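Throughout, read-outs are computed from the coordinates displayed, never taken from laboratory work. Predicted, not measured: the structure shown is a model, and the values here were computed from it. Please note: Cβ atoms are built from the backbone with ideal geometry, for glycine as well, and neighbour counts cover all protein chains shown.
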Amino acid sequence: MSPVLLFWLAGSGLIGLSVYGLIVNPHPLCKLLALNLLGSGVFLLFGVIARRGASAGLGGDPVPQALVITGIVVAFSATAIAVALLLRLHSEAGEASIDEEEDGQP
Amino acid sequence: MMPLQALAVTETTPGGALLVLGIVMTAVALVGLIGLGGRGARAIVIAALLFQLYVSVRVALMVAGTQSPLAYVVGGFHPPLGITLRADGISALMMVVSAAIFLGAAAFAWKDFAQPKGKPESRASLIFWTALLAMASALNLLFTSSDLFNLYVGIELLTFAAIPVAAIKGGADTLRAALRYLLFAVFGSMLYLFGIVLLYGAYGTLDISGLAAQLQPNAATLTAAGFVTVGLLAKTALFPFHLWLPPAHAGAPAAGSAVLSALVVKGSLFLLMRLWFDTFPTLREPADMQLLALFGALAVIVGSITALRQQRLKLLVAYSTVAQIGYMFFVFTLAPKDAGALIAETAWTGAWTQVVAHAFAKAGMFLAAGLAAEVLGHDRIRDLGGLSSRAPLVVLAFALSGLSLMGLPPSGGFNAKFMLLVAALAEGHWAWGAVIIAGGMLAGAYVFGVLARMMAEPAAGASLKAVGHGRQWIALGLSAVAVLMGLLPLEPIAFLAIGRAL
């Protein structure tokens, strides 16, 4: 098995795992972690593409690397906003769950 | 039909720098906002939005004058390495619409999010103005960029600016809705990113016209297109993914709901239309496009019926957004690559008229719903009585918006639905035609239901507050634009086809 294929499989496995986690885990923190994992899988695949595209004698195609860094920053910001919302929700409601509650309706 | 090469405008055109101004000036104002603090925030935001309206109108006039898109090659680096900003007819249209509605919403929020002297500055108000400006900037980026990764950044900026507005009221329910919105949106954008990673792997470029020129309908491309589409559908809140939208939009303050419902969902929709008509036109198989139209039809029916069953006014208005978005998805099947040009252009014009008419009508309707809640102190539909005697302009604004949502003539909604209906019948898609008519009738049911309540006697013991005339006129003005669009001729609008190979 070539190393490129190994990374492909690892990235795809991460994506599959995280989509599964996102769907079955009801807790928003678990969903958030699953989304981060999904991001990691996508970034890993992008890294593989960069390596594969390095035919001009460079160590790798620099464009995907630049894009992955931007992607990581974006994913980090999303995580930060979600954690802030979660903390606020926990302090307001006493628990952090996104299940609908009908009793709050006047 | 133009050859695909005609799409690839790679040189900066005269006036192309305006596109940069449209994105950068709002970003500069954002920095100023954070530096100068909250007291002057609203004035800076209004000034920046006025400037944006000026730039957008200039762009639209130049596009209309030269009958060709504006382009700007950022930094002189050409694609595939660099990024090209490009404004064709639909970009210019959406830039103007977005600037106008943002300005209306900002003027509406002028008093609500004031920072009066002598009182400590409130954080909510600074956040609101910052987020409003950030949304305007991100939307302009979405409308003009032609690089798929740049568009990813734009769509994420839009989400991150929209979430604080959805969450700004605090309270467990609102926070829950905002969190669900965020999870859906981030999931959607991860799928989108996965799709463009695959595209880059296959073609080595992310430039829209560059991709379109070398696209092969193979398994990798189809997979990529599938992921990108599903990701964007989650962000657009099309039918199976619509559950996050109503609580998030209904929980925001009135001006925030107006821009969220009128413009922010259109950001990802715009990208979806851009992708399927400019990047993947060769992939448009009738069966796949029928699937999108089917989801659109289900959105129209399910959204309208759920709206009918709501007990809160803002939730009703939000569910009507779910339904109205559905209509826009008929364009994917009604503008097929091999149909007669006239039918395709009719459907294309109908869809964009729907986007714009819905934007104005929904902005006006959410502002009216916000004012109604302020007059009555609640937004239970059952107890809306007395509103028409206390705030008749609010009822009028709601009714005019409703006219466009139902699709009664004369209104932009009528033009849109009529053109979509004509295209549907001309192509033999009678089922979609039936859905368009049924959706209009259901919209009539929920709009007239609310209007009847508004004109009823006030409930016993209800105390009605007065609201300022200025804000009522803003709501009325936005609704009136949706109705006045009905004066446009019922035929394909050439402006919308500028710079496109439809």
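Some observations on this one:
- In straight-distance terms, cross-link reach from B:Lys169 covers every one of the aspartates and glutamates whose alpha-carbon lies under 17 Å from its own, apart from those fewer than eight places away in the same chain; here that gives A:Glu92, B:Asp112, B:Glu121, B:Glu374, B:Asp379.
- When the P(r) is computed for the protein assembly as shown, the part past 42 Å accounts for 18% of the Cα-Cα pairs.
- Highest-first packing order for the peptide set B:85-94, B:242-251, B:218-227, B:454-463 is B:85-94, B:242-251, B:218-227, B:454-463, based on the mean count of other beta carbon atoms within 10 Å.
- Remark: mean inter-chain Cβ contacts per residue of B:132-140 equal 0, using a 10 Å Cβ-Cβ cutoff to other protein chain atoms.
- Residue-averaged [θ]222 nm for chain B, counting only DSSP H segments that reach four residues, each worth -39500 (n - 2.57): -23000 deg cm²/dmol
- Projected label distance in nm at B:Leu81 and B:Glu121, using a 7 Å step from Cα toward the beta-carbon: 4.3 nm
- Over chain B, relative contact order from alpha-carbon pairs under 8 Å, at least 6 apart, %: 15 percent
- Average partner coverage of B:189-200, which counts Cβ from other chains inside 10 Å: 6
- Label-point gap, in nm, between B:Leu342 and B:Ala445 - each point 7 angstrom along Cα→Cβ: 3.6 nm
- Computed over the Cα atoms of the range A:3-93, the ratio of the radius of gyration to the Kirkwood radius (Rg/Rh) comes to 1.11.
- Under a model in which nothing but the beta-carbon of Lys, Arg (+1) and Asp, Glu (-1) is charged, the protein assembly as shown shows a dipole of about 1100 debye around its Cα centre.
- Förster radius 30 Å - calculated FRET efficiency between A:Ile23 and B:Ile305, Cβ distance, rounded to 0.05: 0.70
- Here's the list of lysines a cross-link from B:Lys235 could span, going by alpha-carbon distance under 19 Å and ignoring same-chain residues fewer than 8 apart: A:Lys31, B:Lys266, B:Lys362.
- Spherically averaged projected area in nm², based on the convex hull that wraps the Cα atoms of the range B:210-355: 9.0 nm²
- Mean separation of Cα contacts under 8 Å, 6 or more apart, over the residue count of the range B:123-199: relative contact order %: 32 percent
- When the Cα positions of B:Leu308, B:Ala351, B:Ala438 are compared along the charge dipole of the range B:289-502, B:Leu308 comes out farthest toward the positive end, with charges on each C-beta of Lys, Arg, Asp and Glu.
- By the equivalent-ellipsoid construction on the alpha carbon gyration tensor, chain B comes out with semi-axes of 35, 27, 20 Å, ordered largest to smallest.
- For chain B, the longest principal axis of the C-alpha atoms and the axis of helix B:469-484 are separated by about 40°.
- Rounded to 10°, Cα long-axis angle of helix B:265-274 versus longest principal axis of chain B: 20 degrees
- The range A:3-93: relative contact order as a whole-number percent, Cα under 8 Å and 6+ apart: 26 percent
- The order of the peptides B:359-371, B:310-322 by mean Cβ neighbours within 10 Å, most packed first, is B:359-371, B:310-322.
- Folded to 0 to 90 degrees: helix B:286-308 orientation relative to chain B principal axis, Cα: 0 degrees
- Peptide B:143-149 - average C-beta neighbours from other chains (10 Å radius): 1
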